[in-house]
Amino acid sequence: DSAPPGGMVVPDQLIDYSWGREHTFVDEGLPVAHVDFSQPYDETLRCLLERAAEESQYPIFMGGTYACTQGPRLETAAEIKRLANDGCSIVGMTGMPETALARELGLNYATIAVVANSAAGRGTNVNTIPLEEIYAVLDKAMVGVKNVLEHMVN
């Protein structure tokens, strides 16, 4: 089951396809420290997000692999097919390096990913993805994200 456009997903895994981004604090004078990244998102925070979504009565999809692509352009249909073949169920441009940086600092971290569209070559986006539709979906979905986060911290 996948989330429709506007749906919220709390992923449990991540694959980084980005490149050239600052990805460590070691350059800032911290000593080199290898960190376990087997489970990139904190399970306790993920569960708190799930409970907050239930309390706020917003449907949320739990689990999935987030593919972080370079951006800022959207992916080609062939790239989306490859990402799906790699096991990715969510594609975005903002999942890394912040997830790894949080781990490097010992911070608990989780994310809510909003599905902006069905991706290139999928659903109604077989030939093109109208950007105005993406912005409209995100504007509406952010109300739900804000509501879930308010329930989580209160």
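The values are calculated or read from the model by the stated rules, or taken from the named source; none is laboratory data. It should be emphasised that the depicted structure is a prediction, and the values quoted were computed from it without experimental measurement. Using ideal geometry, Cβ is built from the backbone for each residue, glycine included, and neighbour counts are taken over all protein chains shown. Each accessible area value is taken on the protein alone, full model and side chains, heavy atoms only, with ligands, DNA and RNA left out. Shrake-Rupley method; radii C 1.70, N 1.55, O 1.52, S 1.80 Å.
Things worth noting here:
- The chain, accessible surface, carbon-and-sulfur percent (1.4 angstrom probe): 54
- The phi-based Karplus calculation (6.51 cos²θ - 1.76 cosθ + 1.60; θ = phi - 60°) puts the 3J(HN,Hα) values of segment 139-151 at 4, 5, 5, 5, 4, x, 4, 4, 5, 4, 5, 4, 5 Hz, whole numbers, x for Gly and Pro.
- Share of pairwise Cα separations in the chain, more than 18 Å, in percent: 61
- Paramagnetic reach from ALA33 (point 7 Å along Cα→Cβ, amide N under 13 Å) across segment 92-122: 101-108
- Probing with 1.4 Å while keeping every protein chain in the model, the per residue accessible area of the chain equals 61 Å².
- Close amide H partners of ILE15, meaning residues 5 or more places away or on another chain with modelled amide H under 5 Å apart, are TYR66, ALA67, CYS68.
- Given a 1.4 Å probe and the protein chains as shown, GLU98 ends up with an accessible area of around 70 Å².
- Highest to lowest packing among 82-93, 37-48, scored as the average C-beta count within 10 Å: 82-93, 37-48
- The relative contact order of the chain comes to 37 percent, based on Cα pairs under 8 Å that sit 6 or more residues apart.
- FRET efficiency estimate (nearest 0.05) - Cβ-Cβ, ASN154 to TRP19, R0 25 angstrom: 0.05
- Rolled with a 1.4 Å probe across the full set of protein chains, the surface gives TYR109 an accessible area near 60 Å².
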